[in-house]
1. Condition (residue is under 22 Å from Tyr76 (Cα atoms), surrounded by 17 or more Cβ atoms within 10 Å (Cβ to Cβ), of a type in the set (Lys, Arg) and in contact with a Phe, Trp or Tyr (Cβ under 9 Å, 6 or more places away or on another chain)) applied to segment 158-167: is it met by at least one residue?
2. Any residue at all in segment 139-161 that's within 24 Å of Thr67 (Cα to Cα), among the hydroxyl-bearing types (Ser, Thr, Tyr) and free of Cβ contacts under 8 Å to residues at least 40 places away in the same chain?
3. Hey, which of the strands (runs of 3 or more DSSP E) in segment 1-106, taking only ones fully inside, have at least 2 residues that are farther than 16 Å from Trp119 by Cβ?
4. Among the residues of segment 107-146, what is the count of those that are assigned to a helix (DSSP H, G or I) and more than 22 Å from Pro73 (Cβ to Cβ)?
5. Could you count how many residues in segment 107-141 are surrounded by 17 or more Cβ atoms within 10 Å (Cβ to Cβ) and under 19 Å from Leu80 (Cβ atoms)?
6. Residue check: is Ala74 surrounded by fewer than 17 Cβ atoms within 10 Å (Cβ to Cβ), of a type in the set (A, V, I, L, M) and more than 14 Å from the chain's Cα centre (by Cα)?
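Any read-out appearing in this document is the output of simple, stated calculations on the displayed coordinates, not a laboratory observation. Predicted, not measured: the structure shown is a model, and the values here were computed from it. Heads up, the Cβs are rebuilt from the backbone with ideal geometry, glycines too, and the neighbour counts pull from every protein chain shown.
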Amino acid sequence: MADRDLAGRRVLAIVTNYGVEQDELVVPLEHLREKGAAVDVAAASADDVQTLVDDKDPGRTVSPTLTHADADPAAYDLLLVPGGTINADTLRLQDDAVSLIRAFTAAGKPVAAICHGPWALIEAAAVEGKTLTSYPSLETDVLNAGGAWVDRPVVRDDDGYTLVTSRDPGDLDAFLREVDAVLAG
């Protein structure tokens, strides 16, 4: 794959302050920044984000750049929604986070979600008519929300707004290749 330069591209990652799967946040942050993209992390509060490894063991902490309430979707080229069961379940209950997802999708801006991240998209009514993948336990939720669920490492659906999804941290290479392609245009 050709090395893509993402200079000038802006990405917003939305998370809660506790429970995001470490590699689903940290690996994309480091990857995108190394490629030249500016990446902001928006959390529910300005407190540090405590990541988890496998939903149970403490991982690295990440300092958010801003809060969900302070994020301006118009300033970004792509929304990143990492998983982690606790993170995703809590994220979908936070009105400001759900509003950000709705703003991105209504504007036709790309969204990339991995593992349990699509739960927040379901809450935002953003999966109807979309084909996507996720952690397998979300299959019924995706179907009930009007989406089509498939078991593949990465799925890109360009109908309406571009949605890139993957199943779990084991799919990060494929996920990031597709995110790079979307950002590179």
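1. For segment 158-167, residues under 22 Å from Tyr76 (Cα atoms), surrounded by 17 or more Cβ atoms within 10 Å (Cβ to Cβ), of a type in the set (Lys, Arg) and in contact with a Phe, Trp or Tyr (Cβ under 9 Å, 6 or more places away or on another chain): absent.
2. no
3. Fully inside segment 1-106 and qualifying: 10-14, 38-43, 49-53, 57-62.
4. Residues in segment 107-146 being assigned to a helix (DSSP H, G or I) and more than 22 Å from Pro73 (Cβ to Cβ): 9 in total.
5. So the answer is 24.
6. For Ala74, the condition - surrounded by fewer than 17 Cβ atoms within 10 Å (Cβ to Cβ), of a type in the set (A, V, I, L, M) and more than 14 Å from the chain's Cα centre (by Cα) - is met.
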